[in-house]
Amino acid sequence: MRLADADGLDAVSLRKIATALDVGPMRLYGYIENKEELLDLMVDAVHAEIRPTGEGWRETLRSLADSMRHAVHRHEWLADLLGGRPQLGPHALATSEAVMAALGDVGIDSAMPVVSAVNAYTIGAVRREIAERRAERATGMDEKRWQATLGPYLTRTFATGKLPALATVVRDAVHLDADETFRIGLDFLLDGIGARVSAP
């Protein structure tokens, strides 16, 4: 994880880990079969940092989303490994148990779709945030400089009158930072879950 935190997933291989541990690579094969298994173990280790808390389903799901997002911000490489098949390591299962235990009011048949929706929202949001970080590093332009560079193009495009709704939103809507955008989007999702759960 230290190698990945410093230099991304490309820095992670059994050979590089053996070098960091000052052992021969073959020693590691007694513990880990291949890189995929190693990545699974890394993801599960991060799940130890994802410990949702709170009273009731709404607070717990918000805590799940927030703690997952913070974990990805600490371990940027995690954004590339989330999604897909469920993680079944001990820490991931403990996280799932904590969430499921708080979803009593949601109902047994809705529990998995509800958690899947929150996970999908969170993973999508953090992948966008990490992509922005990576683009900033690659181009040397933060979001404000990037927007300023594209400003003249958008001004000309909107002046054609072909995109009036989009022009109004870009020009007049409140511009939110990543934290506010995440929070408001999560509120929309949780409000929708709440309306569905409380429907007769």
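The values are calculated or read from the model by the stated rules, or taken from the named source; none is laboratory data. These figures come from a predicted structure and were not determined experimentally. Glycine gets a Cβ as well: all are built from the backbone with ideal geometry, and neighbour counts include every protein chain shown. The accessibility values were calculated without ligands, DNA or RNA, using every heavy atom of the protein model including side chains. Shrake-Rupley method; radii C 1.70, N 1.55, O 1.52, S 1.80 Å.
Worth a mention:
- Listed residues LYS35, LYS16, LYS144, most fluctuating in the chain (Gaussian network, C-alpha, under 10 Å): LYS144
- Per residue, the chain exposes 64 Å² of solvent-accessible protein surface, assessed with a 1.4 angstrom probe and all protein chains in place.
- Using every pair of distinct Cα positions in region 87-143, the Kirkwood expression returns a hydrodynamic radius of 13.6 angstrom.
- Rounded percent of accessible protein surface that carbon and sulfur make up, the chain, 1.4 Å probe: 58 percent
- Options GLY107, LEU93, ALA71, ranked by Cα towards positive dipole end of region 69-114, top entry (Cβ charges): ALA71
- Cβ-placed point charges (K, R +1; D, E -1), dipole of region 1-150 about Cα centre in debye, nearest 20: 400 debye
- Considering the chain at the alpha-carbon level, its Rg and Dmax are found to be 21.0, 66 Å.
- Vicinal HN-Hα couplings computed from phi for region 45-56 (Karplus, 6.51 cos²θ - 1.76 cosθ + 1.60; Hz; Gly/Pro x): 4, 5, 4, 5, 8, 9, 10, x, 9, x, 9, x
- Principal axes of region 9-73: Cα extent on each, largest first, Å: 49, 21, 17
- Ratio Rg/Rh, restricted to region 155-200 and using Cα atoms, in which Rh is the Kirkwood radius: 1.24
- Straight-line cross-link reach from LYS162 at under 18 Å between alpha-carbon atoms covers these aspartates and glutamates, not counting any fewer than eight positions away in the same chain: ASP172.
- Charging the Cβ of each Asp and Glu at -1 and of each Lys and Arg at +1, and nothing else, the dipole of region 16-105 about its Cα centre rounds to 140 debye.
- Panel note: the C-alpha atoms of region 61-113, placed on their principal axes, show extents of 34, 21, 19 Å (largest first).
- The chain - percent relative contact order, Cα under 8 Å, separation 6 or more: 18 percent
- With all pairs of different C-alpha atoms in the average, the Kirkwood value for the hydrodynamic radius of region 1-110 is 15.4 Å.
- Computed over the alpha-carbon pairs of region 51-161, the distance histogram in 5 Å steps reads 2, 11, 16, 18, 14, 10, 8, 8, 6, 5, 2, 0 percent, short to long.
- Computed on the Cα trace of region 103-200, the radius of gyration divided by the Kirkwood hydrodynamic radius gives Rg/Rh = 1.12.
- Structure-based [θ]222 nm, the chain - -39500 (n - 2.57) summed over DSSP H runs of at least 4, per residue, nearest 500: -23000 deg cm²/dmol
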